[in-house]
Amino acid sequence: MEYLISQIAQAAARGLEPSTGRLQRSVVGAAITVIFATIALVSLFATAWFAIYERQGPVVASAWMTVVAVVLSLLAWAIVTILNRRAQRIWEEERRRIAAASSVRSGGTLLALTELPGLVKSSPVITILSVAGIAYALMKSRR
């Protein structure tokens with residue numbers, strides 16, 4: 001029984017690894033980076049617009065800036081999509097590895113924990129009630 005509780009505690013602690021201080025510093029650093037990158041990008045666009053304006057006029061300059069903005073947004077979207085797919089693949093491989101290890105070691109305890117996110121996604125109310133019931137039974141059995 002204590003093995004099950006220790007496995008649940010380890011799985012819960014694994015999700016809390018990044019400390020709040022580190023997370024706060026990362027968020028502040030990312031916000032400052034985004035602000036300065038936005039300033040640089042706006043400045044670059046203004047400079048390019050004025051350079052094209054002098055040679056070909058305001059309509060052509062605006063058209064070029066629009067095309068560049070669309071291309072950059074599509075590029076950013078493609079990069080984020082690729083990174084999300086890679087992260088999903090890594091997460092699924094880790095989940096499979098944990099499931100394989102759990103079936104060998106604990107007879108299904110970790111397997112149940114790895115399946116919990118899928119259960120929550122498919123039926124959150126029933127999953128929460130089931131987990132609450134199991135937790136209540138475990139606490140009741142310890143007394």
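Summary of computed values
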item	result
Residue, farthest from the chain's Cα centre (by Cα), within segment 23-74, restricted to residues that are of a type in the set (F, W, Y) and surrounded by fewer than 12 Cβ atoms within 10 Å (Cβ to Cβ)	F50
Condition check for I79: at pLDDT below 90 and of a type in the set (A, V, I, L, M)	no
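The values are calculated or read from the model by the stated rules, or taken from the named source; none is laboratory data. Please read all numbers here as calculations on a predicted model, not as lab measurements. Neighbour counts are summed over all protein chains in view; Cβ atoms, including those assigned to glycine, are modelled from backbone coordinates with ideal geometry.
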